[in-house]
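The next block holds one structure in the form of structure tokens; read it before the comments.
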Amino acid sequence: MITFNIPRPDDGIRTSLINKIDNLAKPKGSLGRLEELALQIGWIQQTLSPSLDCPTNIIFAADHGIADEGVSLSPKEVTRQVVFNFLNGGAGVCFLARQHGFQLKIVDAGVDFDFPEIPGLIAHKIRKGTRNFLHEAAMTEAEMNEALRYGAEMVSQCQHEGCNIVSFGEMGIGNTSASSMWMTLLTRIPLEDCVGAGSGLDRRGVQHKYEILKQALKNYSGDGTPSDVIRYFGGFEMVMAVGGMLRAAELGMIILVDGFIMTNCVLAASRLYPNVLDYCIFGHCGDEAGHRRVLDFLGARPLLDLGLRLGEGSGAVCAYPIVDSAVRMLNEMHTFEQEAITKYF
């Protein structure tokens, strides 16, 4: 398996960061989460004057064999249709990216469709969708390693282009099912608490999805290690995101985490390399059942709770202005000394 070197950021700078934040012209702690974010970002970047450069949202798209079992309200062809919408600038994440100055990168990680050569579509197809994990492993070890490597290479390219904060999005019918399997096996939270409506299943649909996933769990004969769980149940888009997250942490980049699926990708990444969590800012708590539970398991405090469940990186991009405000606070506010203000509490 591809390996990463992810150290914990050096704690030596933390005291200086705390002193700078506490001496800004405001009551100590009065800017709440902005102060916490500023401390984390300065710690990651090892500077008292951090910056957010060329924010980028990478969307990986792929199909899932488990979708053949009717676990999603939407058919698999929706995956390719939404990819075209990304490329045409008409998807939900597109207006948010324009609003907040994000570059979008769209990657075909394994869509069950032969795309023509299209400007803006990055071709990294592993194969046309994963296998059906109800009956067999979703991917081979070689395919998993290839997906991890491609995801890492995408982030390396972004960093080479000047990016130091990255978010990840996904498109793939059936990927909430894959995420639920990762979640239950990597956290030991009962499967029934990990399964939700996905793209809009009704109660009967959710029950059918649960029964299929319960049978898949019963059929699983792997060794239960994080790498085997990732391989057996994951999607190519999810594994590429894991590789991207691990490379981003290795490069000292800020990882802005999206919803249920991407939070489970962070979960998977953290079971391989726990220090990846130091580099993560969780954008929001989504409306998918199980998201709050996996956030709590990770000890994560999301910035927003807007009932979002779109995916695509939309919640992460939506949360970006709060992160920007934290950095601006650290860089633009004056200190008590600069303004000759008596320190007040």
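D68 sits among other residues whose Cβ lies under 14 Å from its own Cβ, and their net charge, with Lys and Arg +1 and Asp and Glu -1, is -1.
Evaluating 6.51 cos²θ - 1.76 cosθ + 1.60 at θ = phi - 60° for every residue in region 198-215, the Karplus couplings come out as x, 7, x, 5, 7, 4, 5, x, 5, 5, 4, 4, 4, 5, 5, 5, 5, 5 Hz, glycine and proline recorded as x. Global dimensions of region 256-303 from alpha-carbon coordinates: Rg and Dmax equal 9.5, 27 Å. Extending 7 Å from the Cα toward the beta-carbon at both T140 and S51 defines two label points whose distance is 4.5 nm.
With the helix formula -39500 (n - 2.57) applied to DSSP H stretches of n ≥ 4, the chain reaches a computed 222 nm mean residue ellipticity of -14500 deg cm²/dmol. Stretching the chain fully between E332 and S74 yields a gain of 88.2 nm (0.36 nm per residue, less the alpha carbon separation). Structural size metrics of region 171-281, computed from C-alpha coordinates, are Rg and Dmax of 14.1, 45 Å.
If only the Cβ of Lys and Arg carry +1 and only the Cβ of Asp and Glu carry -1, the dipole of the chain around its Cα centre is close to 500 debye.
Cut-off is 10 Å between beta-carbons; in what order do C280, C94 appear when sorted fewest neighbours first? Walk me through the numbers on the way to the answer.
Numbers: C280 23, C94 20.
By the 10 Å Cβ count, ascending: C94, C280.
With coordinates expressed along the principal axes, the C-alpha atoms belonging to region 127-205 extend over 47, 28, 26 Å, beginning with the largest. With the biggest extent put first, the Cα atoms of region 56-323 measure 46, 42, 35 Å across the principal axes.
Applying the Karplus relation 6.51 cos²θ - 1.76 cosθ + 1.60 with θ = phi - 60° to region 224-238 yields 3J(HN,Hα) values of x, 5, x, 5, 6, 5, 4, 5, 6, 10, x, x, 4, 5, 6 Hz, where x marks Gly and Pro.
Can you tell me the alpha carbon radius of gyration of region 248-345 divided by the globular rule-of-thumb value 2.2 N^0.38 Å?
Details: Rg = 16.5 Å, N = 98, 2.2 N^0.38 = 12.6 Å.
Relative to the rule-of-thumb radius for its length, region 248-345 sits at 1.31.
Bear in mind these aren't lab numbers, they're just calculated from the coordinates by the rules spelled out. Note that the structure is a prediction, hence the values are computed from the model and not measured. Neighbour counts run over all protein chains shown; Cβ positions are idealised from the backbone, glycine included.
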